[in-house]
Ligand code: SIN
């Protein structure tokens, strides 16, 4: 039987607006209920948590995911496993550019990705995502996180007044990583408020993104395009962003309700392999 342990840990902010590293915790061990409560609060306070140097089995990753909510369903097991790996548990997704027998074994394989909220094109988007690194390229492939709270709080009041109470439509071509490029057909679309209130923190965040948001409902196309472009540029300002340079064994957890993330390009001839789980959504965005 596993004994749950009370753990003291340090919370070290990673940037002014978003992200904190949790130091002093080995997630291979099972923390007690109070430790989990404090981790959850750190996630709400900082939107992104980083745990370095973790040695996690897939079972550990699913267990850790559950500290933050119900594990989200993810289908599509790979047809092939990469060299050195022989299994993938349900509800874990491989994000990888590795190819076996000429086919990609993972999702979102190659290169740069625009900023996005995971699953915003569904009525009940995922609350959170966890990404655990197993193999990384020698350079590139950084993941960037932007604070939707900071973007909302500093937004031009004229733009804010125009958009308060409006909804935006989101659409995603599965596999697409750059706005209006690639992909293999829309899996779903949904509309949500342009500014989302986080149901647990009560704070408001900008809730549109460059990869998936198509239009602001009820506005002429040209006005909607101009406002979205202004929102994307504002939300991605470097001072709202934490750039994560990966090491093997890093686990990142982010809150999709109040942050977006993007990915840098990386060499296509180098392997990148991550395991990903999600935390299910609990309330419709409002
Ligand atoms: C994702 O957007 O879920 C993937 C990010 C990454 O590969 O760094």
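Each value in this text was obtained by applying a stated rule to the coordinates, not by laboratory testing. On a predicted model such as this, the values are computed, not experimentally measured, just so you know. Note that each Cβ is placed from the backbone with ideal geometry, even for glycine, and that neighbours are counted across all protein chains shown.
Figures for the structure shown
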read-out	value
Meets criteria (within 14 Å of the ligand (Cβ to nearest atom) and either over 17 Å from residue 210 (Cα atoms) or surrounded by 15 or more Cβ atoms within 10 Å (Cβ to Cβ) (or both)) for residue 172	yes
Unmet requirement for residue 139, which otherwise passes all of (1) within 16 Å of the ligand (Cβ to nearest atom); (2) outside any strand (DSSP E or B); (3) under 17 Å from the mean Cα position of the chain (by Cα)	(3)
Elements of type strands (runs of 3 or more DSSP E) contained in the range 14-115, each with 2 or more residues being in contact with a strand residue (DSSP E or B) (Cβ under 9 Å, 6 or more places away or on another chain) and within 16 Å of the ligand (Cβ to nearest atom)	48-51, 93-96
Filter pass, residue 192 being touching a strand residue (DSSP E or B) at 6+ places or on another chain (Cβ under 9 Å), farther than 30 Å from residue 138 by Cβ and part of a helix (DSSP H, G or I)	no
Per-region count, the range 116-132, residues near the ligand (Cβ under 9 Å from one of its atoms) and part of a strand (DSSP E or B)	3
